[in-house]
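Participant: Input: one structure, supplied below.
The values are calculated or read from the model by the stated rules, or taken from the named source; none is laboratory data. Bear in mind that the values here come from a model prediction, so they are computed numbers and not experimental data. Please note: Cβ atoms are built from the backbone with ideal geometry, for glycine as well, and neighbour counts cover all protein chains shown.
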Amino acid sequence: MAAEGNPLPHDTQLRPPAVAAHTPVANAGVKIHCQGVSAFYGDKQALHDISIDIPDRAVTAFIGPSGCGKSTFLRCINRMNDTIPGARVTGRIEIDGEDVNARSVDPVVLRSRVGMVFQKPNPFPKSIFENVAYGPRIHGLANGKAELEAIVEASLKKAGLWDEVSDRLHQSGSSLSGGQQQRLVIARAIAVQPRVILMDEPCSALDPIATARIEELIDELRRQYCIVIVTHSMAQAARVSQRTAFFHLGQLVEQGSTEDIFTNPREKRTQDYITGRFG
Amino acid sequence: MTDARNLPSRDLSEKRLKQRHAAEARFKLYGQLAIVIALGFLVVLLARVVQQGYTVFWTHSITTSVYLDPARIDRADLEGNNFDYLAAQNLLKRLKVQDDALGLASGEAMDLVSRDLGYRILGAIKDDPKVIGTTLTFTVPVKANADLYYKGEIERSTPETDRKLSNRQLDWLDRLEAEGLVRSHFNSDFFTNSDSTEPEQAGVLGAVVGSALMLLVAAFIAVPVGVLAAVWLEEFAPRGRLSGFIEVNINNLAAVPSIVYGLLGLVLFINWLGFPRSAPLTGGLVLALMSLPTIIIATRAALKAVPPSIREAALGMGASRTQTVFHHVLPQAAPGVMTGIILSLAHALGETAPLLMIGMVAFTPGLPESLASAASVLPVQVFIWENAAEAAFHERTAGAIIVLLVFMILMNATAVILRRRFEKRW
Amino acid sequence: MSFTLAFALLLAFSVGVWWLGRRRASALAGGERLHSLPGYYGTWVALWTGIPAALILLLFLTAGPRLGEALIAADPPAAVASLPSETAQAFWNDAQSLARGEPTTAIQWTPEQRAALEQKAEQARQYNGFSAFAALALAGVLALGGFLLAWPRISPTLRARNQVEGWINIALMACSAIAVLTTIGIVASLLYEAMRFFASVPPLDFLFGLQWQPQIAMREDQVAAKGAFGAVPLFAGTFLVMIVAMCVAAPVGLFCAIYLSEYAGRTTRGVIKPLLEILAGVPTVVYGFFAALTVGPLFRGFFNWIGSWLAEGPLDPLGQYLMAVQNEMALTAGVVMGIMLIPYISSLSDDIINAVPQSLRDGSYAMGATKSETVKRVILPAALPGVMGAMLLAISRAVGETMIVTMAAGSQARITANPLDSVTTVTRQMVELLTGDQEFDSPRTLAAFGLGLTLFGVTLVLNIIALRIVQKYRQAYD
């Protein structure tokens, strides 16, 4: 599985994830500013008046019981809810001060800046190379084949997948294992140089070892990107994130640094959830 | 990881975005265009049929008096009398036109009134011979060409040689109309008559009855066999080679060209088993075999949609497999099964090709007497009339199509309503 | 008539037996606990009474007359042996008609033939009488025997329900077997008749011959000339019409499907889909009517107009050609067949495209792809095998479609790639060969079965490939 050129696994170069959670939030400039966001599916209101600031170069985790609206909120950020018939979003979401719901904003451009990784790995039924090259191709980011190859290589390297697939770039993306597929999808997202990466329960379909790899990767990526991750696993939130927001029944109950939320929650509901009274 | 090169930084160019959005708009337009083309064809098709066929629903009748001159009627051989000629002469007299020595004018007058008139006179005399010597008044359809003239489809502006009616005949028709002898009315004959060589007397009743009989035979065989076969395949058959083979078999049968079923019917039913040609019984059998695969497929889909929990609940109560299926699963699947059956029979109703193979093209005036006697059916009637030379049959072709489409739409609508009404979401 | 009566009697007897059996079981129930409900005991006895007898009656009804004819014809009298086969056939038919007291053919038999006829008719009468009596008697014995055998076995321990369900299972299996028997019937009947055709026309001449002139064989004095049954022009014509049809239907149908599944909202879909279903439900004879009376004249008018415009210019030959174009050109039938196939391709492709997982669309949209980019680069490549399968099914339908070509294509066999020429097709020729007056044994009529066998073979191969592709495709995304 590992490429011949590099006998050392990446793990050795990375900080253990447990430490990551306690790293203080560095240069926490606000990347995403949300004010009074509500979302509706038809007549049903899924989100109630959410306001939150999400810092750059850090991992923000959204936690909460299933159906609490955390994924819906995630999908508001890159306007993926546009693709669902009957979905409606009100309120203000700004990325770098720009309102994403403004009329002038092209969702195509928005989504090229906000990458997204889904619950189930969803590589396109194409080769590994074509999967990563998809974004640069449609957005016209590469001049010529050499540049495209460079982008693909760099993205795969960033996603920690290069050593495993460099010798079989032209095999189908679906021939990879689940964890590899998820890293391929992350590489695909990185290839268009997003400013934000949204991850919707990226590890829920993976085994513990693959999950650990992805978590290391997330910790690596946060040096460059603003990352928002939705997770149902509190342990994962504690391991990978610097900030945590707790959602319940479509409301944002509490937000703060991960440490505070897990050790010293202000709200009773947060405490009940974290201690496993419901969920 | 540390050696990962930084990605070349480039923002999306405005120009390229514009091109992409233009391509998107174009692509969507192609899609809309395709829909418009498809629906446009539907509209044009239906419009053409209605445009050519709506005139069939009204027709013109003429009221004419005939003096039954005792000197001209041979009482010994009533059938041998040419009453049409007699009536035509009466008509000329009424129009104050002198007949020529060869009787050409009478001949032309005869071509204006339906031959039905002669039979009506004959019938009147047979009923009561005493009417000879009196003057009787009849109201009968005008001949098809005269009808077309009244409907404006034969025009005076056409050169006389290119027209089915002479100038003289047109004059007469105008005068008859002016005198109020010609009446336009709903063409009930079209619905109460069967096929005829005379366009003005040809109707669809025989074909409708034939179609109904044939559909009845088809349904009587295909519905029970199809549903039970589907029940076996879905609920009882051991999953394995055999059921796999049968499934592949059925799927392929559903895609076999219908004309091949016609050949099967010709060889198996007519040549080997000695069934009658052109009969609703034989046609129904062929259509039954043809509908069987689609009914099986639809029934299986409906059975599949019944959740396993229903079966488990019944089995858990100690019901046998058979009881489970017939008491619980099949009733739950019934709306879906019915929908499939109706759609499949609607398709069978419109099927023509296999029926041509079993000799249904034969000219069959009158109603079928039994399942085994020769009959015509609606789609074949359309085919036969479409081939007919007389222009008057063209409106009848379109008229028969309208009748056929009305039946098909009724059946399809029933299926749609069933589906909407009973559709269950588990 | 006697058989209708026999069936009615049998039914009545079985119902009576059912009632008796149920009563007996109910009476027994007083003592011990019955294994099954009393009704099952009644049904069990009734089945044993009714089914074997009914089967015998049915067997006799279907096979009896054939067997009789074969028996009577086993030793032909001298007067008949010398007759040509068709006349001999008429002789046998007359003998049967005479035996049944039905009107005979108009053939004037010679006195000795007449005598032979009377004799054979008498034989047939005897056979008919005897066999009917035998069948009725046998059915009666079976019904009574079944009842007498089953009746004493009614007891509380009899597993009546299981037995009845066993019968039901057999009946259900028999129904499924009919589907398989249909296939066997198609293959057997086509093969049998086609073999008779190939006895007079070598299969290779048929499959590779370039001349199609079936009318030659009609004349008595003229043996089917070699090459008169060469089917290549028919295959070529069928192919040409199919290509034209697919050129219309494939893009329009596919784009309809793409629009409906990716662009249209729920309400739009709710309106358009039923309308397309109406288009799919229009009988083919209506399409034929539309082709013959609307599309054909329209196209001819159009090309004639262009022709008259080109004529006497530098393109005069082309102009002259266009002015001579007929209603029956391949284009007419092809385009109308294409219209017919649009809803078929659209609904098949719609299903296929909907089977592409939503996660792939999400992945693509999340990358910032537009809808058209997602369709072109992700959905269509993913759906390609399924779409190909759908196209193959449509091709198979185009090849087997009969009414449109019968009403709108030509009857002259010709090998051409020009859609403005008139061509004829396999199905159209089958209709032509088998309608109207015909003698069943002439190569002309039998040729239809050669064509039918070829048609069946080609569509079967197309269908098997297509269905296999579609099935594999579905499994990939399940």
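Participant: Just checking, which of C:L384, C:L453, C:L420 is more than 22 Å from B:V382 (Cα to Cα), in a helix (DSSP H, G or I), in contact with a helix residue (DSSP H, G or I) (Cβ under 7 Å, 6 or more places away or on another chain) and of a type in the set (A, V, I, L, M)?
Facilitator: C:L453
Participant: Please state which one of B:L356, B:L345 is more than 15 Å from B:E235 (Cβ to Cβ), at the interface with chain C (Cβ under 8 Å from one of its Cβ atoms) and either in a helix (DSSP H, G or I) or within 22 Å of the chain's Cα centre (by Cα) (or both). Explain how you work it out, then say what you get.
Facilitator: On the way: B:L345 fails: at the interface with chain C (Cβ under 8 Å from one of its Cβ atoms).
Of B:L356, B:L345, the one residue that is more than 15 Å from B:E235 (Cβ to Cβ), at the interface with chain C (Cβ under 8 Å from one of its Cβ atoms) and either in a helix (DSSP H, G or I) or within 22 Å of the chain's Cα centre (by Cα) (or both) is B:L356.
Participant: What are the pairs, 6+ residues apart or on separate chains, where a residue within segment A:57-84 that is away from chain C (no Cβ under 11 Å) has its Cβ under 9 Å from a residue that is aromatic (F, W, Y) and in a loop (DSSP other than H, G, I, E, B)?
Facilitator: A:R57/A:Y225; A:P65/A:F278
Participant: Of the conditions (1) within 9 Å of chain C (Cβ to nearest Cβ); (2) at pLDDT 90 or above; (3) over 30 Å from B:V231 (Cβ atoms), B:N387 fails just one. Which one is it?
Facilitator: That leaves (2) as the condition not met.
Participant: On to the next question. Is one or more of the residues making up segment C:430-443 modelled with pLDDT of 90 or more and touching a strand residue (DSSP E or B) at 6+ places or on another chain (Cβ under 8 Å)?
Facilitator: No, segment C:430-443 has no match at all.
Participant: Does segment B:105-122 include one or more residues that are touching a residue at least 40 places away in the same chain (Cβ under 8 Å) and closer than 12 Å to B:L68 by Cβ? Show your work before the answer.
Facilitator: Within segment B:105-122, the first condition is being touching a residue at least 40 places away in the same chain (Cβ under 8 Å), and the residues that meet it are B:105, B:108-109, B:111-117, B:121-122.
Going one step further and asking which of them are closer than 12 Å to B:L68 by Cβ, we end up with B:121-122.
Yes.
Participant: Checking B:S376 against (1) within 12 Å of another protein chain (Cβ to nearest Cβ); (2) farther than 17 Å from B:I259 by Cα; (3) under 11 Å from the mean Cα position of the chain (by Cα); (4) assigned to a loop (DSSP other than H, G, I, E, B): exactly one of these is not met. Which one?
Facilitator: Condition not satisfied by B:S376: (1).
Participant: Something else now. How many of the residues in segment C:368-414 are of a type in the set (S, T, N, Q) and either touching a strand residue (DSSP E or B) at 6+ places or on another chain (Cβ under 8 Å) or within 30 Å of C:R428 (Cβ to Cβ) (or both)?
Facilitator: Qualifying residue count for the region: 5.
Participant: Let me ask you something else. Specify which of the listed residues (B:A219, B:A229) is within 14 Å of B:S344 (Cβ to Cβ) and either more than 8 Å from every other protein chain (Cβ to nearest Cβ) or surrounded by fewer than 24 Cβ atoms within 10 Å (Cβ to Cβ) (or both).
Facilitator: Working: B:A229 fails: either more than 8 Å from every other protein chain (Cβ to nearest Cβ) or surrounded by fewer than 24 Cβ atoms within 10 Å (Cβ to Cβ) (or both).
Going through B:A219, B:A229 in turn, just one is within 14 Å of B:S344 (Cβ to Cβ) and either more than 8 Å from every other protein chain (Cβ to nearest Cβ) or surrounded by fewer than 24 Cβ atoms within 10 Å (Cβ to Cβ) (or both): B:A219.
Participant: When you look at B:A76, is it at pLDDT below 85, in contact with a Leu (Cβ under 7 Å, 6 or more places away or on another chain) and either under 17 Å from B:D171 (Cα atoms) or part of a loop (DSSP other than H, G, I, E, B) (or both), yes or no? Explain how you work it out, then say what you get.
Facilitator: Working: at pLDDT below 85: yes; in contact with a Leu (Cβ under 7 Å, 6 or more places away or on another chain): no; either under 17 Å from B:D171 (Cα atoms) or part of a loop (DSSP other than H, G, I, E, B) (or both): yes.
Taking the combined requirement at face value, the residue does not satisfy it.
Participant: Tell me the residue from B:E247, B:E235 that is in contact with a helix residue (DSSP H, G or I) (Cβ under 9 Å, 6 or more places away or on another chain) and in contact (Cβ under 8 Å) with a residue 24 or more places away in the chain, please.
Facilitator: Result: B:E235 is the single residue among B:E247, B:E235 that is in contact with a helix residue (DSSP H, G or I) (Cβ under 9 Å, 6 or more places away or on another chain) and in contact (Cβ under 8 Å) with a residue 24 or more places away in the chain.
Participant: Would you check which residues across segment A:137-157 are surrounded by fewer than 24 Cβ atoms within 10 Å (Cβ to Cβ) and not aliphatic (A, V, I, L, M) and list them?
Facilitator: Of everything in segment A:137-157, those that are surrounded by fewer than 24 Cβ atoms within 10 Å (Cβ to Cβ) and not aliphatic (A, V, I, L, M) turn out to be A:R137, A:G140, A:N143, A:G144, A:K145, A:E147, A:E149, A:E153, A:K157.
Participant: Still on this structure: Out of all the residues in segment C:143-165, which are more than 12 Å from C:W48 (Cβ to Cβ) and within 14 Å of chain B (Cβ to nearest Cβ)?
Facilitator: Result: C:R159, C:R161, C:N162, C:E165.
Participant: So A:G256 passes all but one of these: (1) in a strand (DSSP E or B); (2) in contact (Cβ under 8 Å) with a residue 40 or more places away in the chain. Which condition number does it fail?
Facilitator: Status for A:G256: all satisfied but (2).
Participant: Let me ask something additional. Quickly run through segment A:138-155 and pick out the residues that are more than 9 Å from chain B (Cβ to nearest Cβ) and closer than 20 Å to A:R183 by Cβ.
Facilitator: If the condition is that a residue be more than 9 Å from chain B (Cβ to nearest Cβ) and closer than 20 Å to A:R183 by Cβ, then A:L148, A:E149, A:V152 are the ones that fit.
Participant: What number of residues in segment A:124-136 are at the interface with chain C (Cβ under 8 Å from one of its Cβ atoms) and either out of contact with any strand residue (DSSP E or B) (no Cβ under 8 Å at 6 or more places or on another chain) or in contact (Cβ under 8 Å) with a residue 60 or more places away in the chain (or both)?
Facilitator: Adding up the residues that qualify gives 3.
Participant: A further question on this structure: If the requirement is being of a type in the set (K, R), under 30 Å from C:H35 (Cα atoms) and within 14 Å of chain C (Cβ to nearest Cβ), which of these qualifies: B:R321, B:R311, B:R300?
Facilitator: Sole residue among the options that is of a type in the set (K, R), under 30 Å from C:H35 (Cα atoms) and within 14 Å of chain C (Cβ to nearest Cβ): B:R321.
Participant: Follow-up question, since we're still on this one. If you check A:Q271, A:Q224, which single one turns out to be of a type in the set (S, T, N, Q), surrounded by fewer than 19 Cβ atoms within 10 Å (Cβ to Cβ) and closer than 19 Å to A:I95 by Cβ?
Facilitator: Of the residues listed, the single one that is of a type in the set (S, T, N, Q), surrounded by fewer than 19 Cβ atoms within 10 Å (Cβ to Cβ) and closer than 19 Å to A:I95 by Cβ is A:Q224.
Participant: Take the residues of segment C:391-412 that are surrounded by 22 or more Cβ atoms within 10 Å (Cβ to Cβ) and among the small types (G, A, S): which is nearest to the other protein chains (Cβ to nearest Cβ)?
Facilitator: Here the answer is C:G400.
Participant: Among the residues of segment C:190-206, count how many are crowded, with 20+ Cβ neighbours inside 10 Å and either without any contact (Cβ under 8 Å) to a residue 12 or more places away in the chain or in contact with a strand residue (DSSP E or B) (Cβ under 7 Å, 6 or more places away or on another chain) (or both).
Facilitator: 2
Participant: Oh, and also: Just to be sure before I move on: is C:Y365 more than 18 Å from A:P121 (Cβ to Cβ) and either modelled with pLDDT under 90 or of a type in the set (F, W, Y) (or both) in the structure I sent? Write out each step before concluding.
Facilitator: Values: more than 18 Å from A:P121 (Cβ to Cβ): no; either modelled with pLDDT under 90 or of a type in the set (F, W, Y) (or both): yes.
Taking the combined requirement at face value, the residue does not satisfy it.
Participant: If you don't mind, another one. Tell me, please, whether a residue that is touching a residue at least 12 places away in the same chain (Cβ under 8 Å), assigned to a loop (DSSP other than H, G, I, E, B) and more than 10 Å from chain B (Cβ to nearest Cβ) can be found in segment C:357-367.
Facilitator: yes
Participant: Just the residues that are in contact (Cβ under 8 Å) with a residue 12 or more places away in the chain and β-branched (V, I, T), please, taken from segment B:307-333.
Facilitator: Within segment B:307-333, B:I310, B:T324, B:V325, B:V329 qualify.
Participant: Examine segment B:361-369 for a residue that is over 18 Å from C:L279 (Cβ atoms), in a helix (DSSP H, G or I) and in contact (Cβ under 8 Å) with a residue 12 or more places away in the chain, and state whether such a residue exists.
Facilitator: No, because not a single residue in segment B:361-369 is over 18 Å from C:L279 (Cβ atoms), in a helix (DSSP H, G or I) and in contact (Cβ under 8 Å) with a residue 12 or more places away in the chain.
Participant: From the residues in segment C:262-282 that are in contact (Cβ under 8 Å) with a residue 12 or more places away in the chain and within 10 Å of chain B (Cβ to nearest Cβ), which one is surrounded by the fewest Cβ atoms within 10 Å (Cβ to Cβ)?
Facilitator: Ranking the candidates gives C:E277 first.
Participant: Could you check segment B:280-326 and list, in sequence order, the residues that are aliphatic (A, V, I, L, M), farther than 30 Å from B:P368 by Cβ and part of a helix (DSSP H, G or I)?
Facilitator: Those that are aliphatic (A, V, I, L, M), farther than 30 Å from B:P368 by Cβ and part of a helix (DSSP H, G or I): B:I297, B:A301, B:A302, B:L303, B:A305, B:I310, B:A313, B:A314, B:L315, B:V325.
Participant: Here's something else I'd like to know. If the requirement is being on the phi > 0 side of the Ramachandran plot, surrounded by fewer than 19 Cβ atoms within 10 Å (Cβ to Cβ), in contact (Cβ under 8 Å) with a residue 60 or more places away in the chain and outside any helix (DSSP H, G or I), which of these qualifies: B:G133, B:G152?
Facilitator: It is B:G133.
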